[in-house]
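Participant: Just passing along the structure, written as structure tokens.
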2 protein chains.
Amino acid sequence: MSAPGAGSATGVGAGGAPVRHVPPALRPALDDERLARAAWSRLAEPGDAAAAALVAEVGAALALEAVVTGRGPQRWRTRLEETDPAADLARARAVGGRLVVPGDEEWPEGLHDLDRPAGTERPQGAPLALWVRGPAHLARAVHRAAAVVGSRAASAYGEHVTSEIAGGLAERGVGVVSGGAHGVDAAAHRAALAVGGTTVAVLAGGVDRPYPAANSALLARVAREGALVSEVPCGSAPTRWRFLERNRLIAALTAGTVVVEAAWRSGALSTADRAERLLRPVGAVPGPVTSAASAGCHRLLRERGAVCVTCAAEAAELLAPLGAAAPVPAPAVEVRPFDGLDPHELRVAESLPRRGAAGTERLAGDTGLEVAVVHAVLGRLELAGTAVREGTGWRLGSAALRPPGSRRPAPRG
Amino acid sequence: MSAPGAGSATGVGAGGAPVRHVPPALRPALDDERLARAAWSRLAEPGDAAAAALVAEVGAALALEAVVTGRGPQRWRTRLEETDPAADLARARAVGGRLVVPGDEEWPEGLHDLDRPAGTERPQGAPLALWVRGPAHLARAVHRAAAVVGSRAASAYGEHVTSEIAGGLAERGVGVVSGGAHGVDAAAHRAALAVGGTTVAVLAGGVDRPYPAANSALLARVAREGALVSEVPCGSAPTRWRFLERNRLIAALTAGTVVVEAAWRSGALSTADRAERLLRPVGAVPGPVTSAASAGCHRLLRERGAVCVTCAAEAAELLAPLGAAAPVPAPAVEVRPFDGLDPHELRVAESLPRRGAAGTERLAGDTGLEVAVVHAVLGRLELAGTAVREGTGWRLGSAALRPPGSRRPAPRG
């Protein structure tokens, strides 16, 4: 038991249970859901599924009252004295931030899945409130958005591919959500901003504390053009625990997660794991097997059934509901002679001489086909310009010799 | 109908059907299964499932008799005149080659799957005979072997990774089967030879005709130390069709196929397709998404459910029956402070000061945990050396400060 501090002297209530005095800063929150949510965002650590369940059950204000009066669970009392939701709201307002709570138009629908787990999963705990800084309408910004995450220690390859994918997604109108870190995260935010797209950085600390400091200019730009989001109030430090739980928010806010580069052990893998537990699609970008920076992506492909994603179109397809995405175009490939021929046509066509002529019997011997079959095939090849009559025989036609934009490949199946 | 040539003048047999004279070179084959198989390997093109079915049904000699007498199907008559199985055997012997047929101890078991398709697949047509050149015992050489295939136009990366994987497989006693082509194929054969492993090159033309010519020294070494294999007799040209059908042999001979590098359109994808149709596992090695040489591998991962393979151990695991492979070791990773702590321990440990001391109430406030929980956690952390008593409080212990061989990472989940 914590020793009682100022303002929480213990009395005895009607039921014989100890009743404590309510700290003055918390009094207004006891009948204001919004203030109570703000208070809870300081009392409970991110990912506290028990707090989320209690608040969902009785409401934030009643749950808070149970804690402060001592009639409810004791576990959330340790920060009661330092909790001042009105002051936290004022600090947020001072940096242009706001509080977003369930029921607000801006509250992203996908967060509810953290409380409604799939299958046998335990709830991951929806955030009790979100602190948001920036002009983006949060629910719209993350609607069908992509999480693009990866190593802080990204390689030049990783940063390049991140830019291609995040930029391409943003150009398609897909929001880009990431964690504001060095490396892949920063490249993703930058690429989205560069094409005028929407980007959201989900932080482990308060939205007044851009972390890491080296990214403060970038994060300031995200705050001006997109949104910074956190579930802890201003002034909160980005602890290791909060980084871990921040990853569940990135996963839950988005329609799917693409990991661009990740070492064998990487926080990005935890985001992928959270997404998987939410039944959100997970994509992984491959890289050289000789690069440790891609080992985590290969692990996702190999062990977790992640989808192989190599470009923005494939990333967009990952996120889209079935059938809704534009089909991913096949890469432009060389047109080759004999493309599209059936097996008999192929065997006859490649037996035709380029110069001179071959009779049908010789062609039958060369191809191992009956003469009657050779005749029928030659008729079809003649129509296509692949075979040309030459005296009493046949030679290869110019259609086979000059395929558009191609060189003649060496034979190989 | 083919015009009758010398030695196949038409008469009328007992049943009124035309009966032709048997070409002299074929007469010995009519009551010698082995010679008859050799003859069939010239009469029918690779992958002729009808020929395979007929021969499987009535035997090679009877099937041959039906063709030469004109009482059977006409479609295999076009090469009758040029078929001389004794001469083909002599040509093979002249280059140190031999004929292997079903029933021989050397006949690889896996080839039967080409006649026994899985599910709704049509038979792919087992070879009617194999021409083999080299000291390897074919059935043993390909037992649990790996097909390692890929682009002729391999990149330096592709050749390097091929060497690592094929060499590593050979060191584990796994045979390496490939197609003898430039690029990945050549690198695979070379790597297996370099470690004294077993390697088999399956050719589209005769085993007396190393193709491509630039690989003739390599293929000669394979012929001296492993085996060259073909289903067409000596002197046969490597046609496009035969390359395609050669791929089904590579797939059927091996326990699984690993594609190292392959363009979007590549013969290696056809080998993977053949393997898949035989229910053999298919692995694909990823590469940079910016490299066209890896596009086919990524396509296999994305569209065909190929297994991501990044090293020889993973390739070996692909081929091995469930549970038989040595577990793939995780890469050596940095040991980090706070590794292995549970969530409460992590929250307490990272709240401990490095200098000075913090009391349990302060730790409770910092972590959001009850004081009783903090006490219990500190007890466990003290045992591990992660927490140390300092006066009435606690500080971080040296066990957390000096993890073996690590640097302290920046916080990130």
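Please treat every number below as a calculation from the coordinates, not as lab data. Just so we're clear, the structure is a prediction, and the values are computed from it rather than from any experiment. Neighbour counts are summed over all protein chains in view; Cβ atoms, including those assigned to glycine, are modelled from backbone coordinates with ideal geometry.
Participant: Each label point is 7 Å from the Cα along the Cα-to-Cβ direction; what then is the distance between the points at residue B:376 and residue B:94, in nm?
Facilitator: Distance between label points: 8.7 nm.
Participant: Rounded, prolate or oblate, given the Cα gyration tensor of region B:129-197, with a/c below 1.5 counting as rounded?
Facilitator: oblate
Participant: Find every distance from the label point of residue B:290 to the corresponding label point in the other copies (7 Å from Cα along Cα→Cβ) and write them in nm, one decimal, shortest first.
Facilitator: Shortest to longest, the spacings are 1.5 nm.
Participant: A follow-up question, please. Give me the angle, in degrees from 0 to 90, between the Cα long axis of helix B:184-194 and the longest principal axis of the Cα atoms of chain B, rounded to the nearest 10.
Facilitator: 80 degrees
Participant: Same structure, new question: Tell me the distances, shortest first, between residue B:389 and the same position across the other copies, using label points 7 Å along Cα→Cβ, in nm to one decimal.
Facilitator: Inter-copy label distances (nm, one decimal, shortest first): 10.8.
Participant: Springs between alpha-carbon pairs under 10 angstrom, Gaussian network model over chain A: which of A:388, A:184, A:55 fluctuates most?
Facilitator: A:388
Participant: Which of A:344, A:189, A:112 ends up with the largest GNM mean-square fluctuation for chain A, with Cα atoms connected below 10 Å?
Facilitator: A:344
Participant: Return an integer: the convex hull volume of the alpha-carbon atoms of chain B, in Å³ per residue.
Facilitator: With only Cα atoms used, chain B gives 180 Å³ per residue.
Participant: Residue A:217 to residue A:395: extension gain in nm, 0.36 nm per residue of separation minus the Cα-Cα distance?
Facilitator: 57.1 nm
Participant: Looking at chain A as a GNM with Cα springs under 10 Å, which of A:154, A:192, A:357 has the largest mean-square fluctuation?
Facilitator: A:357
Participant: Give the longest segment of chain A that steers clear of trypsin sites (Lys or Arg not before Pro) in DSSP loops with at most 12 neighbouring Cβ atoms within 10 Å, not counting the sites themselves. Each step should come with its number before you reach the end.
Facilitator: Numbers: sites that count: A:354, A:355, A:407.
Result, exposed sites excluded: A:1-353.
Participant: For residue A:112 and residue A:195, what is the calculated FRET efficiency with R₀ set at 35 Å and r taken between the beta-carbons, to the nearest 0.05?
Facilitator: 0.70
Participant: Then there's this: Is it possible to state the helix-based mean residue ellipticity at 222 nm for the protein assembly as shown, with each DSSP H run of 4+ residues giving -39500 (n - 2.57), the sum divided by total residues, to the nearest 500 deg cm²/dmol? What is it?
Facilitator: -11000 deg cm²/dmol
Participant: Using only Cα atoms, tell me the angle between helix B:33-43 and the longest principal axis of chain B; keep it within 0 to 90° and round to the nearest 10.
Facilitator: Orientation of helix B:33-43: about 80 degrees from the principal axis.
Participant: Enumerate by residue number the GluC sites (Glu not before Pro) in region B:28-115 meeting two conditions: DSSP loop (anything except H, G, I, E, B), and at most 12 other Cβ atoms within 10 Å of the site's Cβ.
Facilitator: Qualifying residues, ordered by number: B:105.
Participant: If I take the rotation axis that carries chain B onto chain A, which residue of chain B has the nearest beta-carbon, and at how many angstrom?
Facilitator: B:286, 2
Participant: Follow-up question, since we're still on this one. Would you mind estimating how fast the protein assembly as shown diffuses translationally, via Stokes-Einstein at 25 °C and 0.890 mPa s with the Kirkwood radius over Cα pairs, in µm²/s?
Facilitator: Details: Rh = 31.1 Å.
In µm²/s, the coefficient is 79.
Participant: Given charges of +1 on the Cβ of Lys and Arg and -1 on the Cβ of Asp and Glu, with all other atoms neutral, how large is the dipole of the protein assembly as shown about its Cα centre, in debye to the nearest 20?
Facilitator: With only Lys, Arg, Asp and Glu charged at Cβ, the dipole is about 1380 debye.
Participant: Averaged over peptide A:242-251, how many Cβ atoms belonging to another chain are found within 10 Å of each residue's Cβ?
Facilitator: Mean partner-chain Cβ count within 10 Å for A:242-251: 2.
Participant: Can I ask one more? What number in nm² do you get for region A:231-302 if you take the convex hull of its Cα atoms and divide its surface by four?
Facilitator: 5.1 nm²
Participant: Wrap a convex hull around the Cα atoms of region A:10-83, take a quarter of its surface area, and give that in square nanometres. Kindly include the intermediate steps, with their values, before the conclusion.
Facilitator: Working: hull surface 18.5 nm².
Seen from a random direction, the Cα hull of region A:10-83 projects 4.6 nm² on average.
Participant: Let me ask something additional. Sticking with the crude label model, points 7 Å out along Cα→Cβ, report the distance from residue A:104 to residue A:383 in nm, one decimal please.
Facilitator: Going by the 7 Å Cα→Cβ label model, 6.8 nm.
Participant: Let me ask something else about it. Say R0 is 30 Å: what FRET efficiency, to the nearest 0.05, do residue B:66 and residue A:338 get from their beta-carbon distance?
Facilitator: Taking R0 as 30 Å, the efficiency between residue B:66 and residue A:338 is 0.35.
Participant: With everything on Cα atoms, drop me the angle between helix A:267-277 and the longest principal axis of chain A, reported from 0 to 90° to the nearest 10.
Facilitator: 90 degrees
Participant: If you don't mind, another one. Out of the DSSP beta bridges found with both residues in the protein assembly as shown, what percent are antiparallel (nearest 5)?
Facilitator: Taking every DSSP beta bridge with both residues in the protein assembly as shown, the antiparallel ones total about 45 percent.
Participant: Quick one: grab the alpha carbon gyration tensor of region B:110-319, order the square roots of its eigenvalues as a ≥ b ≥ c, and give me rounded if a/c is under 1.5, else prolate or oblate depending on whether a/b is larger than b/c.
Facilitator: On the way: a/c = 1.38, a/b = 1.14, b/c = 1.21.
Rounded, because the longest to shortest axis ratio a/c is under 1.5.
Participant: Let me ask something else about it. For the pair residue B:122 and residue A:56, what calculated FRET efficiency results from E = 1/(1 + (r/R0)^6), where r is the Cβ-Cβ distance and R0 = 56 Å, to the nearest 0.05? Before the final figure, lay out each step's value.
Facilitator: Working: r = 57 Å, r/R0 = 1.02.
Calculated value: 0.45.
Participant: Collect residues whose amide H, placed 1.01 Å from N in the peptide plane, falls under 5 Å from the amide H of residue B:394; neighbours closer than 5 in sequence don't count.
Facilitator: Correct list: B:358, B:359.
Participant: Using only Cα positions of region A:144-239, each an equal point scatterer, no hydration layer, compute I(q)/I(0) via Debye at q = 0.20 Å⁻¹ and quote the log10 values to two decimals.
Facilitator: Taking Cα atoms of region A:144-239 as identical point scatterers yields -0.87.
Participant: Please report the antiparallel percentage of the DSSP beta bridges confined to region B:110-319, to the nearest 5.
Facilitator: 15 percent
Participant: Please state the shape class of region A:92-155: rounded when a/c is under 1.5, otherwise prolate if a/b exceeds b/c and oblate if not, all from the C-alpha gyration tensor.
Facilitator: oblate
Participant: Also, quick follow-up: Relative to the Cα centre, what is the charge dipole magnitude of chain B, using +1 at the beta carbon of each Lys and Arg, -1 at the beta carbon of each Asp and Glu, and rounding to the nearest 20 debye?
Facilitator: Details: 46 positive and 42 negative charges, 160 e Å.
Using Cβ point charges on Lys, Arg, Asp and Glu, chain B gives about 760 debye.
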